[in-house]
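The values are calculated or read from the model by the stated rules, or taken from the named source; none is laboratory data. Since the model is a prediction, treat every value here as computed from it, not as a measurement. Ideal geometry is used to build each Cβ from the backbone, glycine not excepted, and the neighbour counts take in all protein chains shown. Keep in mind that these areas ignore ligands, DNA and RNA; they rest on the heavy atoms of the full protein, side chains included. Shrake-Rupley method; radii C 1.70, N 1.55, O 1.52, S 1.80 Å.
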Amino acid sequence: MASGAFPVHLLHRGGGGGQWRSVGAAYAAVTFLRPQGKSLVLYAAGADGQQQRRIVFAYPVLPGDAFERLDGATLSWAEPESGDEFALCFHDDAACAAVCGALSPVVRSPAVDGVAETLAGLRVAREECAPAAGGVDIAARLAQLSIGRP
């Protein structure tokens, strides 16, 4: 298990806009991976809600990346090439602050325009989230999205 991993809910919106969709629950940490370097990593959450050692998503943090802290417990970013947007909804402000601190200096405050609308869309997606049918977990849903950086 990674130390400093915090429970989150991952949400995604395709590059063409539209509605936010829940991808699932995971644990988020910022860690150094080889050969990527500093990366935002999501670990699987087990059926009991506890963190597993399995990495389901690794997003290399590159110069020029812009992560936005939308409110006390929500961090978002867009993948530059595809335009896909992601958001991590943390269970508390302190966990979000810890991850933002580890990502610093790439975390910035968002533009005021559109923050309330974005947060409302994220809340709707989280509330509509139901357990995956047929036992499909977050790793399978991420694979269906075909997301990731080279």
Long-range neighbours under 9 Å by Cβ, at least six apart or interchain, first residue crowded, with 16+ Cβ neighbours inside 10 Å within segment 81-102, second at pLDDT 90 or above and basic (Lys, Arg): Asp84/Arg13; Glu85/Arg13; Phe86/Arg13; Ala87/Arg13
When residues of segment 63-80 are limited to those that are among the hydrophobic types (A, V, I, L, M, F, W, C) and at pLDDT 85 or above, the one most open to solvent (accessible area, probe 1.4 Å): Ala78
Residue pairs meeting the criteria (Cβ under 9 Å; at least 6 apart or on separate chains; first free of Cβ contacts under 8 Å to residues at least 40 places away in the same chain, in segment 6-19; second not in a loop (DSSP other than H, G, I, E, B)): Gly17/Glu85
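Do we have any residue at all in segment 46-57 that's assigned to a strand (DSSP E or B), under 19 Å from Cys89 (Cβ atoms) and open to solvent by 20 Å² or more (accessible area, probe 1.4 Å)?
The initial filter retains those residues of segment 46-57 that are assigned to a strand (DSSP E or B), namely 51-57.
From the residues that got through so far, the ones that are under 19 Å from Cys89 (Cβ atoms) too are 51, 56-57.
After this cut, where a residue has to be open to solvent by 20 Å² or more (accessible area, probe 1.4 Å) as well, the list is 51, 56.
Taking every residue of segment 46-57 in turn, at least one turns out to be assigned to a strand (DSSP E or B), under 19 Å from Cys89 (Cβ atoms) and open to solvent by 20 Å² or more (accessible area, probe 1.4 Å).
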Segment 58-77, residues that are in a loop (DSSP other than H, G, I, E, B) and within 26 Å of Gly15 (Cβ to Cβ): Val61, Leu62, Pro63, Gly64, Asp65, Ala66, Ala73
